[in-house]
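Okay, structure first, notes after.
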Amino acid sequence: MKPNLRPARPEFSSGPCAKRPGWTPEALKDAAVGRSHRSRLGKKKIVEAVDRTRALLGIPADYRIAIVPASDTGAVEMALWSLLGARPVDMLAWESFGEGWVSDVAKQLKLKDARVMKADYGRIVDLGAVDWTHDVVFTWNGTTSGVMVPDGAWIADDREGLAICDATSAVFAMDLPWPKLDVITWSWQKVMGGEGAHGMLVLGPRAIWRLESYSPPWPLPKIFRMTGSAGKFSEAIFKGDTINTPSLLCVEDAIDGLKWGESVGGLKGLMARSQANLAVLEKFVAERNWISFLAADRKVRSNTSVCLNIVAPWFHGLPADKQAAAARKMADLLESEKAGYDVGSYRDAPPGLRIWCGATVEKADLEALMPWLDWAYGEIERDYGKA
Ligand SMILES: Cc1ncc(COP(=O)(O)O)c(C=O)c1O
């Protein structure tokens, strides 16, 4: 039987994620559209986005924050291209995005001194084996496997290398230990439900010192460059003078998201919303034997990009292509019923479901989605279970 109730907002994509509750285009009415981003008004908006970000997240005063081109990828690439090569690097990966950074370092930068530490989907690498005399590149939350680092205890306070952290689906939903991180990046379309376009790049003092004391041997395109004449750190980029033109419409939307974050209790409130969302899924999974979390270990289970496996014996008996087709069918059924959009697992991940539980998702909408999961599962069991 199809459930009667549908989620009021069936958006459960892991990026771009649901807009904040109550969002309408009216939220953008004060955007500085048609104005120069270098005008007093344009720059004021950029600085406001940066300042509200610092306040909401509690980013230390000596950390610099910039809006940069090309979303989270742009921010990560700026850091990798500008900072790496000074010492050996440990590259940590347990899903597709982490693997993307590994491939950049190995195949594009061709760093000889790169040690790759990988884990399969659903698991995490041995964080205790990281060498902190090396630079270390990792994702805080692996969006495609739903596996996150449990905390920052494994990051040495007296590290010699830099801790370079892609935090795009973690920040605003997880507690980041800023002093343990030297480079932190994210994009707007994740936990805060902003618009995709720009990246946020946060640099700690040790990263700035590296920029000023080391020049990589490869050429750097203009949009990656964070130093100016005589190798001096380009402070202005971190004071609202963006490298190139940002969308002031997207900036306005980011400000709107930050104001909403403040209104729901700031970082603590945002994290609590995400945890409450995860709890809905945990209850659902605990009460059923056909579904489980891809991240079996609770300590590393993401509270944003929650990845689920179908574990029924009939499903496991299917060949890999049929498993993928059955899981995809479930996601398609949910979409066509307008019960849940974009809940299929990522293309490189094991077949299953991925349901975003970040702060902009309402708990009531997840609760309304759960009966639809039972229904869609019943449909695929009927179609594929007897094959
Ligand atoms: C962990 C992680 N890194 C990088 C990216 C790429 O982000 P963007 O599309 O903002 O460049 C994503 C996108 O989902 C992600 O989840």
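The values are calculated or read from the model by the stated rules, or taken from the named source; none is laboratory data. Note that the structure is predicted; figures quoted are calculated from it, not measured. Here the Cβ is made from the backbone with ideal geometry for all residues, glycine too, and neighbour counts use every protein chain on show. Accessible surface is based on the protein model in full, side chains and every heavy atom, while ligands, DNA and RNA are left aside. Shrake-Rupley method; radii C 1.70, N 1.55, O 1.52, S 1.80 Å.
For first residues located in segment 71-85 and farther than 14 Å from ILE243 by Cβ, partners that are among the acidic types (Asp, Glu) and part of a helix (DSSP H, G or I) and lie 6+ apart or on another chain with Cβ distances below 8 Å form the pairs LEU80/ASP104.
Just so you know, in segment 8-46 the residues that are part of a helix (DSSP H, G or I) and in contact with a helix residue (DSSP H, G or I) (Cβ under 7 Å, 6 or more places away or on another chain) include one that is nearest to ASN303 (Cα to Cα), and it is ALA27. Scanning segment 146-158 for residues that are in a loop (DSSP other than H, G, I, E, B) and touching a Ser or Thr at 6+ places or on another chain (Cβ under 8 Å) yields a count of 1. Listed by first and then second residue, the pairs with beta-carbon distance under 8 Å, at least 6 apart or on different chains, first residue in segment 261-286 and closer than 17 Å to ASN309 by Cβ and free of Cβ contacts under 8 Å to residues at least 24 places away in the same chain, second open to solvent by less than 20 Å² (accessible area, probe 1.4 Å) and aliphatic (A, V, I, L, M), are VAL285/ILE291; VAL285/LEU308.
For segment 69-77, the condition of being at negative phi, among the acidic types (Asp, Glu) and open to solvent by 10 Å² or more (accessible area, probe 1.4 Å) holds for at least one residue.
Look at (1) over 24 Å from the mean Cα position of the chain (by Cα); (2) part of a helix (DSSP H, G or I); (3) more than 19 Å from THR144 (Cβ to Cβ) and you find that ALA276 fails only one, number (1).
Looking at segment 339-386, which of its residues are more than 24 Å from TYR121 (Cα to Cα) and basic (Lys, Arg)? Listed by number, the residues that qualify are LYS363, ARG382, LYS386.
LYS118 falls short on exactly one of the conditions (1) open to solvent by 30 Å² or more (accessible area, probe 1.4 Å); (2) of a type in the set (D, E, K, R); (3) under 23 Å from GLU262 (Cα atoms); (4) within 16 Å of the ligand (Cβ to nearest atom), and that condition is (3). Residues of segment 121-153 that are in contact with a helix residue (DSSP H, G or I) (Cβ under 7 Å, 6 or more places away or on another chain) and among the β-branched types (Val, Ile, Thr): ILE124, VAL137, THR139, THR143, THR144, VAL147, VAL149. Across segment 167-186, the number of residues qualifying as open to solvent by 10 Å² or more (accessible area, probe 1.4 Å) and in a strand (DSSP E or B) comes to 1. Within segment 220-249, the only residue that satisfies the criterion of being outside any loop (DSSP other than H, G, I, E, B), modelled with pLDDT under 95 and open to solvent by less than 60 Å² (accessible area, probe 1.4 Å) is GLY231. Flag: GLU99 matches the condition of being within 18 Å of SER169 (Cβ to Cβ), within 16 Å of the ligand (Cβ to nearest atom), open to solvent by 50 Å² or more (accessible area, probe 1.4 Å) and out of contact with any helix residue (DSSP H, G or I) (no Cβ under 9 Å at 6 or more places or on another chain). Evaluate segment 22-40: report whether one residue or more is at pLDDT 95 or above, in contact with a Gly (Cβ under 7 Å, 6 or more places away or on another chain), open to solvent by less than 10 Å² (accessible area, probe 1.4 Å) and within 30 Å of SER215 (Cβ to Cβ). Looking through segment 22-40, none of the residues is at pLDDT 95 or above, in contact with a Gly (Cβ under 7 Å, 6 or more places away or on another chain), open to solvent by less than 10 Å² (accessible area, probe 1.4 Å) and within 30 Å of SER215 (Cβ to Cβ).
Scanning segment 291-333 for residues that are open to solvent by less than 50 Å² (accessible area, probe 1.4 Å) and basic (Lys, Arg) gives a single hit, ARG301. Looking across segment 129-151, the residues that are away from the ligand (no atom under 16 Å from the Cβ) and open to solvent by 10 Å² or more (accessible area, probe 1.4 Å) come down to ALA129, VAL130, ASP131, TRP132, THR133, HIS134, PRO150, ASP151.
Got at least one residue in segment 350-359 being open to solvent by 10 Å² or more (accessible area, probe 1.4 Å) and within 16 Å of the ligand (Cβ to nearest atom)? So far as segment 350-359 goes, yes, one or more of its residues are open to solvent by 10 Å² or more (accessible area, probe 1.4 Å) and within 16 Å of the ligand (Cβ to nearest atom).
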